[in-house]
1. Under 5 Å between amide hydrogens, which residues at least 5 positions from G188 or on another chain qualify, with H placed 1.01 Å from N in the peptide plane?
2. Each residue of the stretch 158-168 in turn: what ³J(HN,Hα) in whole Hz from Karplus with 6.51, -1.76, 1.60 and θ = phi - 60°, glycine and Pro shown as x?
3. Around Y205, with a cut-off of 13 angstrom between Cβ atoms, what is the net charge of the other residues, counting Lys and Arg +1 and Asp and Glu -1?
4. Could you give me the ³J(HN,Hα) list for the stretch 65-81, computed from phi with Karplus coefficients 6.51, -1.76, 1.60 and θ = phi - 60°, whole Hz, x at Gly and Pro?
5. Tell me the GluC sites (Glu not before Pro) within the stretch 75-132 that lie in a loop according to DSSP and have at most 11 other beta-carbon atoms within 10 Å.
6. Going toward the positive end of the dipole of the stretch 30-119, with +1 on Lys and Arg Cβ and -1 on Asp and Glu Cβ, which of A116, S104, N46 do you reach last?
7. What residues qualify as long-range amide H neighbours of A108, i.e. H under 5 Å apart, gap of 5 or more or another chain, H built at 1.01 Å from N?
8. S70 versus I121, label points 7 Å from Cα toward the beta carbon: distance in nm?
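Read-outs: derived from the displayed coordinates by stated rules, not from any lab. On a predicted model such as this, the values are computed, not experimentally measured, just so you know. Cβ coordinates were reconstructed from backbone atoms using ideal geometry, including for glycine residues, and neighbour counts include every protein chain displayed.
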Amino acid sequence: MRSRLVPSLRTLLFALVALAPLAGCEETPTQPDRVSLPIMPLAVGNMWIGRSYGLDTLGGAIDIEADTLSIVSTESIAAETWYRTSDGTLLANRADGLWWRSSSTAPATLIAKHPASVGEIFGRETARILYPDTLDHEIDSLVYGHVVIAVGTRLTVTAGTYDVNGYQEHLETFDGQVITEDHELWMGDQEFYSPGVGRVQQRRYQMTPDGKTQWGVWELVEARLK
């Protein structure tokens, strides 16, 4: 999902205080296990109302635009239910997290591992990367994937405060050398999902002559879920 989205939707289950005259006991409020919740709840009609914006040199928001994702239909692919979104792509929840495909005939890719542990790398695939600053447009073949950078971390956006899992783009050579921030081909866009709610923020970065620069943000304004 690259766009390559109220009330808070993390449901809290509160136990009623038992008014037992003799025992005098009180039950402790509980909440569902994060692992039991889908990393992005999928149902036709679900809508993630968001906004996207650029950043000026001082980090202020500029060029603010509405940017909403919704689930518009379902379709069966190889006996599995996939959910088509308003941007034309397809999503499915599996036991290991959220999967994405650009069309019904395209391969599926894991984009948000759940459950997850910080440091896990997932979704590896070979990618042909264009060097941006060379006149002959040299292309390199690297291994593209994502790395888990946060699990259960508190994050506040317009829609509220959530405990999120964070994922960042990850590049490495075929022999396992990680492409770090001092390399011209570095990529490091980040996405943050809250189990039971879905995507709550995306941070977009680029490599410039001055180094790593954040240039854009998407954040959740309101989630309308069934």
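1. Y205
2. 4, 6, x, 10, 9, 8, 10, 9, x, 10, 10
3. Working: positive: R203, R204, K212; negative: E169, E181, D189, E191, D210.
Taking every Cβ under 13 Å from that of Y205, the sum is -2.
4. Once rounded to whole Hz, the list reads 9, 5, 8, 10, 10, 9, 9, 10, 6, 10, 8, 9, 10, 6, 6, 10, 7.
5. Values: sites: E75, E80, E120, E125; in loops: E120.
Sites meeting the loop and neighbour criteria: none at all.
6. Farthest towards the positive pole: A116.
7. Residues meeting the amide H criterion: none.
8. The two pseudo-label positions are separated by 4.0 nm.
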